[in-house]
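S.K.: Before we start, here is the structure in question, set down as structure tokens.
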Amino acid sequence: MQTGKILKHSLLTSFFIGASFCYAQERPNVIVIYSDDQGAIDLNCYGAKDLVTPNIDKLAKSGIRFTQFYAAPVCSPSRASLLTGLTAQRAGVPGNAGADLKSNAGLPGDRHTMAEMFKSAGYKTAHIGKWHLGYQPEMSPNAQGFDYSFGHLVGCIDNYSHFFYWNGPNRHDLYRNGKEVFYPGEYFPDLMVKEAGQYIEQNKNNPFFIYFAINMPHYPYQGDPKWLEYYQGKGVPYPRDLYAAFVSTLDDKIGLLLKKVSDLGLSKNTIVIFQSDNGYSTEERAHFGGGSAGVYRGAKACLFEGGIRVPSMISWPGKIPEGEVRDQFSVNTDWMPTLAEYCHIKLETKTLDGKSLVPVINNSETESLHANGYCWAFGKNMWVARKGKWKLLGNPVDTSKKGLLTQSDSLFLVDLESDPGEMNNLSSLNPGIVEELKSQYLLWEKNNKR
């Protein structure tokens, strides 16, 4: 894997060439819906029995649903990987962008983004919702390829006041194209749907790309009162009731967005991707839980499956298989090359960590595109090397607290086929596999700037 920065100017020629390959009316629109802190199984189509999620389930039935889809363990690295096709380390965002407006942490201005890929090919591009990729001018959505941007810059806001409440001083955080705007008392998810709907209406005759980064079910849990009443009436315990209400509200808003696409007659020419950015939160502000990863161990901010395995799906009616499932190992870095292929945009994929999922989408028997393995690193010393059924965790942390970890678990080897819950450390029984995966990680670390 090559090291160094992925510079924007080195890729522009390929994108302009790609734009000439097809006419505007032949190119599909693209909407990437990115939910926030949603548990690995927290949809009916992923096995949840206590949730109501008909709109996202319908989306899954209209396309391909993935069962082994991965992202980074927290918000900013996940979003950086999605938008660049690079590991979080190579994207320059190994951890969350902080709340300090003077901070230089965030997506560097010289990384080439998915938005710039589409814009160079003649697409109209919009970011709606959460950003959390830095506060410096060169890191802003409008500087990273988005013609239009509406949303908040930090990791979370109150959905009614649009203030970021943390350690203080608390501050208002809602912007349109870099200018602060005020809608006190208006529900932010409703504002998102309205802004996206207007953008689609205005660009219905042009190919468009919308990054719909909805801030749900990330805390603060502020679901629609009708859903709070519903789940509490069903006897769903705290804090699952608060989280569930927010997930069903999320589903409602996605339903409204997709209805707008349908009402404008654009469904058959619009690719829709849905994915969570990482696992559910166990932070204090999330009431120490509420989400679920099912059998999987871990949650947000760790590298067990519950932190990085996420719900994900793609729909394109009439163009890709419908109602099917793919079990191949896939990663959010794969979306950028996948969309480039579907939209006939020339892209230099050799410099990316992601690979086009088109062969996997077309054929359930296709081998995983990452058969040679994949790695993650997070925090000061957590890391993972994955190859096939084997997964080696270095210095693991379990934010779900499903089991004890001792000093002897500093290298934690798992056979995911026989132990998807990652409860049994097999490192002492398989020293050869441990060494192989450790070597894989060390090579990856060498080639990835941390």
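S.K.: Could you list all residues from region 327-340 that are out of contact with any Leu (no Cβ under 8 Å at 6 or more places or on another chain) and within 24 Å of SER267 (Cβ to Cβ)?
M.R.: Within region 327-340, just LEU339 meets the criteria.
S.K.: Does ILE214 satisfy the criteria of being of a type in the set (Val, Ile, Thr), in contact with a Leu (Cβ under 7 Å, 6 or more places away or on another chain) and in the same structural domain as SER315 (by TED's automatic domain parsing)?
M.R.: So ILE214 fits the description; yes.
S.K.: A follow-up question, please. Could you look through region 230-271, keep only residues that are without any contact (Cβ under 8 Å) to a residue 60 or more places away in the chain and aliphatic (A, V, I, L, M), and pick out the one that is surrounded by the fewest Cβ atoms within 10 Å (Cβ to Cβ)?
M.R.: LEU242
S.K.: Could you tell me how many of the residues in region 149-172 are farther than 22 Å from PRO77 by Cβ and touching a His at 6+ places or on another chain (Cβ under 7 Å)?
M.R.: 3
S.K.: I've got another one for you. If we keep just the residues of region 382-393 that are out of contact with any helix residue (DSSP H, G or I) (no Cβ under 7 Å at 6 or more places or on another chain) and crowded, with 21+ Cβ neighbours inside 10 Å, which is farthest from SER330 (Cα to Cα)? Spell out how you get there, then give the answer.
M.R.: At the first step, the residues of region 382-393 found to be out of contact with any helix residue (DSSP H, G or I) (no Cβ under 7 Å at 6 or more places or on another chain) are 382, 384, 386, 388-389, 391, 393.
Next, from what is left, pick out any that are crowded, with 21+ Cβ neighbours inside 10 Å: 384, 386, 391, 393.
Values: VAL384: 15, ARG386: 12, LYS391: 15, LEU393: 18 Å.
Among them, the one singled out is LEU393.
S.K.: Assess whether LEU347 counts as being under 26 Å from ALA115 (Cβ atoms), in contact with a helix residue (DSSP H, G or I) (Cβ under 8 Å, 6 or more places away or on another chain), at pLDDT below 95 and among the hydrophobic types (A, V, I, L, M, F, W, C).
M.R.: yes
S.K.: I'm trying to understand the selection: among the residues of region 345-391, which are aliphatic (A, V, I, L, M), over 22 Å from LEU416 (Cα atoms) and out of contact with any Leu (no Cβ under 9 Å at 6 or more places or on another chain)?
M.R.: Answer for region 345-391, where residues must be aliphatic (A, V, I, L, M), over 22 Å from LEU416 (Cα atoms) and out of contact with any Leu (no Cβ under 9 Å at 6 or more places or on another chain): VAL358, ILE361.
S.K.: Does at least one position in region 63-76 carry a residue that is assigned to a helix (DSSP H, G or I) and at pLDDT 95 or above? Let's see the steps before the verdict.
M.R.: If we filter region 63-76 for residues that are assigned to a helix (DSSP H, G or I), which is where we start, we get 75-76.
Subset that is at pLDDT 95 or above: 75-76.
Yes, that holds for at least one residue.
S.K.: Then there's this: Can you go through ASN206, ASN142 and tell me which one is under 22 Å from the mean Cα position of the chain (by Cα) and either farther than 29 Å from ARG240 by Cα or not assigned by TED's automatic domain parsing to the domain that holds GLY109 (or both)?
M.R.: Details: ASN206 fails: under 22 Å from the mean Cα position of the chain (by Cα).
It is ASN142.
S.K.: Which of the residues spanning region 119-139 are surrounded by 24 or more Cβ atoms within 10 Å (Cβ to Cβ), farther than 17 Å from THR333 by Cβ and not polar (S, T, N, Q)?
M.R.: ALA121, TYR123, ALA126, HIS127, ILE128, GLY129, LYS130, TRP131, HIS132, GLY134 - these are the residues of region 119-139 that are surrounded by 24 or more Cβ atoms within 10 Å (Cβ to Cβ), farther than 17 Å from THR333 by Cβ and not polar (S, T, N, Q).
S.K.: Could you give me the residue pairs with C-beta distances under 7 Å whose first residue belongs to region 37-51 and is on the phi > 0 side of the Ramachandran plot, whose second residue is at pLDDT 95 or above and of a type in the set (Ser, Thr, Tyr) wherever it lies, and which are 6+ apart or on separate chains?
M.R.: Correct list of pairs: ASP37/TYR280; ASP37/SER281.
S.K.: Would you mind stating whether THR366 is β-branched (Val, Ile, Thr), at pLDDT below 95 and surrounded by fewer than 22 Cβ atoms within 10 Å (Cβ to Cβ)? Give the steps one after another, and end with the answer.
M.R.: On the way: β-branched (Val, Ile, Thr): yes; at pLDDT below 95: no; surrounded by fewer than 22 Cβ atoms within 10 Å (Cβ to Cβ): yes.
Considered against the rule, which asks whether it is β-branched (Val, Ile, Thr), at pLDDT below 95 and surrounded by fewer than 22 Cβ atoms within 10 Å (Cβ to Cβ), THR366 comes out as no.
S.K.: Can you pull out every residue in region 377-386 that is in contact with a strand residue (DSSP E or B) (Cβ under 8 Å, 6 or more places away or on another chain) and either in contact (Cβ under 8 Å) with a residue 40 or more places away in the chain or among the small types (Gly, Ala, Ser) (or both)?
M.R.: If the condition is that a residue be in contact with a strand residue (DSSP E or B) (Cβ under 8 Å, 6 or more places away or on another chain) and either in contact (Cβ under 8 Å) with a residue 40 or more places away in the chain or among the small types (Gly, Ala, Ser) (or both), then ALA377, MET382, TRP383, VAL384, ALA385, ARG386 are the ones that fit.
S.K.: Could you list, in sequence order, all residues of region 394-428 that are assigned to a strand (DSSP E or B), free of Cβ contacts under 8 Å to residues at least 40 places away in the same chain and either in contact with a helix residue (DSSP H, G or I) (Cβ under 7 Å, 6 or more places away or on another chain) or more than 14 Å from GLY298 (Cβ to Cβ) (or both)?
M.R.: LEU411, PHE412, LEU413, ASP415
S.K.: Testing LYS194 on (1) in a helix (DSSP H, G or I); (2) in contact (Cβ under 8 Å) with a residue 12 or more places away in the chain, one condition comes back false. Which one is that?
M.R.: (2)
S.K.: GLY318 versus (1) in contact (Cβ under 8 Å) with a residue 40 or more places away in the chain; (2) at negative phi; (3) of a type in the set (Gly, Ala, Ser): which is the lone unmet condition?
M.R.: (2)
S.K.: Within region 349-360, is even one residue part of a loop (DSSP other than H, G, I, E, B), in the same structural domain as PRO420 (by TED's automatic domain parsing), without any contact (Cβ under 8 Å) to a residue 60 or more places away in the chain and within 25 Å of ILE41 (Cα to Cα)?
M.R.: no
S.K.: Among the charged types (D, E, K, R) and crowded, with 20+ Cβ neighbours inside 10 Å: which single residue out of ARG171, ARG176, ARG111 fits that description?
M.R.: Step by step, each of ARG171, ARG176, ARG111 is checked, and only ARG111 is among the charged types (D, E, K, R) and crowded, with 20+ Cβ neighbours inside 10 Å.
S.K.: Taking region 295-320 on its own, how many of its residues are of a type in the set (Val, Ile, Thr) and buried (at least 24 other Cβ atoms within 10 Å of the Cβ)?
M.R.: So the answer is 3.
S.K.: What number of residues within region 140-167 satisfy the criterion of being at pLDDT below 95 and either crowded, with 21+ Cβ neighbours inside 10 Å or of a type in the set (Gly, Ala, Ser) (or both)?
M.R.: Number of matching residues: 0.
The values are calculated or read from the model by the stated rules, or taken from the named source; none is laboratory data. Predicted model, so just to flag it, every value in this text is computed and none were measured. Please note: Cβ atoms are built from the backbone with ideal geometry, for glycine as well, and neighbour counts cover all protein chains shown.
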